[in-house]
Amino acid sequence: MAGGWTRDGAVSEQIEASVQDELARLKAQPRPVGESLIHCAECEEEIPQARRQALPGVKLCIECQQERDGAPQTRAGINRRGSKDSQLK
């Protein structure tokens, strides 16, 4: 069901495009490469062997990585699609 001047399915297409944009942004983030550290670069705790094998090049233990991931990151609140329907934040 379209609303206003939009065609049927336009809102769903905008939502899908926003999801695809976010997935592309996440996939573009750099992954660790190289040799894994045996001890965490921040807290000096030993990084479990299973983690080192699963993520080659890992530098942080699970706890330190979770802290870093949980830290808020500022992102521009720009509506790139130019429609109020695409403002899902």
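The values are calculated or read from the model by the stated rules, or taken from the named source; none is laboratory data. As the structure is a computational prediction, the values presented were derived from the model and not from experiment. Methodologically, a virtual Cβ is constructed for each residue, glycine included, from the backbone with ideal geometry; neighbour enumeration extends over all protein chains shown.
Brief remarks follow.
Here's the yes/no breakdown for (1) exposed (fewer than 13 other Cβ atoms within 10 Å of the Cβ); (2) part of a strand (DSSP E or B); (3) modelled with pLDDT of 90 or more; (4) within 22 Å of the chain's Cα centre (by Cα):
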residue	(1), (2), (3), (4)
ARG7	yes, no, no, no
VAL19	yes, no, yes, yes
GLU22	yes, no, yes, yes
LEU26	yes, no, no, yes
ARG31	yes, no, no, yes
GLU35	yes, no, no, no
ARG75	yes, no, no, yes
ARG81	no, no, no, yes
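- Candidate set: the range 42-59, residues that are touching a helix residue (DSSP H, G or I) at 6+ places or on another chain (Cβ under 7 Å) and not charged (D, E, K, R); chosen: the one surrounded by the fewest Cβ atoms within 10 Å (Cβ to Cβ): CYS43
- With respect to the conditions (1) assigned to a loop (DSSP other than H, G, I, E, B); (2) at pLDDT below 85; (3) not aliphatic (A, V, I, L, M), LYS59 falls short on a single one, namely (2).
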